[in-house]
Every structure is written in structure tokens, then in C-alpha cells.
Amino acid sequence: MVSEIRLAFAHPSERAIATAGDAPRDRISLRDHIVEVEIGAFQAERGTKQRVQFNVVVEVAPFTGDIGDDVDRILSYDRVTEAIAHELAAERLNLLETLAERVAERILLEPQALRAFVRIEKLDRGPGALGVEIVRARADVAAHLNTLAQEVASERPHPRVVYLSNAAIDHPSLGAWIDELAARKAPVILCCGLPPEAPLQTGHKMTQRRVDLLAIEQNGWRLAARDLRCKVVATRTELDWAMKNGQICIWAPSKIVLDATEGPGVGPRDSVGLTGWFAAEMEACEMLVIGEDLPENGGVSQRAVDVGAALF
């Protein structure tokens, strides 16, 4: 009995271990995550914020093979905090039970997630913490996941992908253009092509492709030096985070291009065409090309402007 009581009040990670069965799983955890939010059914809880603490453990399918230190292959901690933030922002709730259920379901949408332990506690309603803890497995919420997945897909941000020619990168209006783009509703991802200097020539098709992709990334760093608001980003995980948090990105193409199951039909030297492929992959609301012609084929709305012209 003493062991059962101790386990009831232990961190969810201990409950996960105790109920793992014969097939222990990998876990990620979020501990003591505190948010101030208006929540609660009592009149005294309306019109005021209180501290709410989250402890979450997610059991994930073990990764097979070499993980390669690759953030896109794992369940990011950001997915857990984003699930919490999204459900807190969606509407005012009366019950912690409702919030815990919604957070668990959103986490279980992630393909790696198998089981979620969610503990939520109010810290300001008395001398101790008042809370609820739930455990949900993917099978428990399977009936809801398809509908929820459609809702999440509709919430996905649709960025404005902006290709900058070298003339545009060097133009004195660059900062003003970025100001104007940042003021618009859509997240901004900047792209560029090969630098003004010709990249190293290898004389071999496959290795030249890699060299050309790296040369585009070097040009991206040159762009980043022109405006420090812009961060060079290589992974889909970081791109997703940046779009949701108002960060202006510069796309470093090597990883996404080389990891793609259906890669671009053009090489790095057709950098505008490569950007068109990327814009389609990101489900962009628009591809804006500054200082170059539009690509021949594009899966999203496209627009070209001359260097120095008004963007909008």
C-alpha cells in the first residue's frame, strides 16, 4: 500500500516505468512547466490568472538504426509545449480534466508517440497543489485522431517564401523589404541561390550537387550577415518552430533536399526552381521572387518583382 501511495504522487515518469509491462519504451519528459492562465469553474477564478503546472511524459516508439543526431527523426520537446500552448489559447476552460484530455490527444497525433501521461496542477488555489493526472494510449483516442489530424492540418502555417537574387541581397532596400515582409500576416522564409563567386568544381555530378547546395547555404549566411533578424535554418523541425514563433528564416537547403523521398526535379543551379519546389513542400501561401524570373513550374501562387520595386 505504501508503494502504491508513493507511486500515485510520484512524477508521471515513475508511473510510466511501473506500468511499462514487458516491453519498456523510450520516454521524453517535460517537468514543472508553469504557465499563468485563466481557468476554472468557480466565480473567483474568472477574470484572473493563476499558475498552472504541467508535468508530461510521452512514451515513444524506440528509434531503430542510427539516429544521426538528427532533430527531424525524434519527437521534439517543442511538440509537447506547443500542444499545451495551443489548447490554452483555443478557449477558456473550466476543468483541468478537459485540458489534460486535449493536451494528451494532441501529443498522440505525433507518429512517434504511443502513450501520454499528463499531470496538471493549480498552484494558487490553496496551500498545496490541486490537480489531475491522466494516461492515454494511442488506441484510447484512435476514434478522435483522424478528426483532430484534419484540424491540425488546417492550423498549419502557410509561409511566404521569398527568393532573393544576389542583386537583391546587396540592395540598400533589403532591410526595408524585410520590414515590410515581417509586417504581413504570413511567416517569412527567405531563400537565395549560388553566391556571386563560382563554387568549387568537382567534375562529378553527385559531388557537385552537394557542393552547390553548400554554396547556396554559404550565400544564406552572407544574407544573414546583412540583417541579423534572419536566422539560417536547415531542419523542418526548426522551420516549424520558427514559423509559429515569428522568426524570419533563411532556408539552408542541403538537409531537406537530400532527405526528401520525392526530391526536386531541378538541380541547385536552378535555384529559383529549387525554391519553387520548397515553396510547394511548405504549402506556401505565396512565392515571391525578387530580381529573377519566375520558375517554369510552380505548385503555389507566384509573383516576381524587380529589384528596388515595391513588394506589395
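Things to note:
- Considering the stretch 140-245, the qualifying strands (runs of 3 or more DSSP E), each wholly inside and each with 2 or more residues that are buried (at least 17 other Cβ atoms within 10 Å of the Cβ) and not aliphatic (A, V, I, L, M), run over 160-164, 188-192.
- In the stretch 74-103, the residues that are of a type in the set (Phe, Trp, Tyr) reach residues that are not in a helix (DSSP H, G or I) with C-beta atoms within less than 7 angstrom, at least six apart or across chains, in these pairs: 77/28; 77/30.
- Given (1) more than 22 Å from residue 128 (Cβ to Cβ); (2) in a loop (DSSP other than H, G, I, E, B); (3) out of contact with any Lys or Arg (no Cβ under 8 Å at 6 or more places or on another chain), index of the condition residue 94 fails: (1)
- Residues in the stretch 205-221 that are of a type outside the set (Val, Ile, Thr) and either touching a helix residue (DSSP H, G or I) at 6+ places or on another chain (Cβ under 7 Å) or more than 23 Å from residue 181 (Cβ to Cβ) (or both): 205, 206, 208, 209, 210, 212, 213, 214, 215, 217.
- Those strands (runs of 3 or more DSSP E) lying entirely in the stretch 247-312 with at least 2 residues touching a residue at least 60 places away in the same chain (Cβ under 8 Å), in contact with a helix residue (DSSP H, G or I) (Cβ under 9 Å, 6 or more places away or on another chain) and surrounded by 15 or more Cβ atoms within 10 Å (Cβ to Cβ): 248-251, 286-290
- Taking the stretch 163-216 as the range and being within 26 Å of the chain's Cα centre (by Cα) and farther than 27 Å from residue 310 by Cα as the test, the residues that pass are 210, 213, 214, 215.
This table checks each residue for (1) within 20 Å of the chain's Cα centre (by Cα); (2) over 20 Å from residue 208 (Cβ atoms); (3) of a type in the set (Lys, Arg); (4) modelled with pLDDT of 95 or more.
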{"position": "258", "(1), (2), (3), (4)": "yes, no, no, no"}
{"position": "263", "(1), (2), (3), (4)": "no, no, no, no"}
{"position": "266", "(1), (2), (3), (4)": "no, no, no, no"}
{"position": "275", "(1), (2), (3), (4)": "yes, no, no, yes"}
{"position": "280", "(1), (2), (3), (4)": "yes, yes, no, no"}
{"position": "283", "(1), (2), (3), (4)": "yes, yes, no, no"}
{"position": "295", "(1), (2), (3), (4)": "no, yes, no, no"}
{"position": "300", "(1), (2), (3), (4)": "no, yes, no, no"}
{"position": "305", "(1), (2), (3), (4)": "no, yes, no, no"}
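- Subset of the stretch 10-51 (residues that are at pLDDT 90 or above, acidic (Asp, Glu) and in contact with a helix residue (DSSP H, G or I) (Cβ under 9 Å, 6 or more places away or on another chain)): 38
- If you go through the stretch 61-86 and keep only what is buried (at least 19 other Cβ atoms within 10 Å of the Cβ) and at pLDDT 90 or above, you end up with 80, 83, 84.
The values are calculated or read from the model by the stated rules, or taken from the named source; none is laboratory data. This one's a predicted model, so the numbers in the text were calculated from it and none came from an experiment. Here the Cβ is made from the backbone with ideal geometry for all residues, glycine too, and neighbour counts use every protein chain on show.
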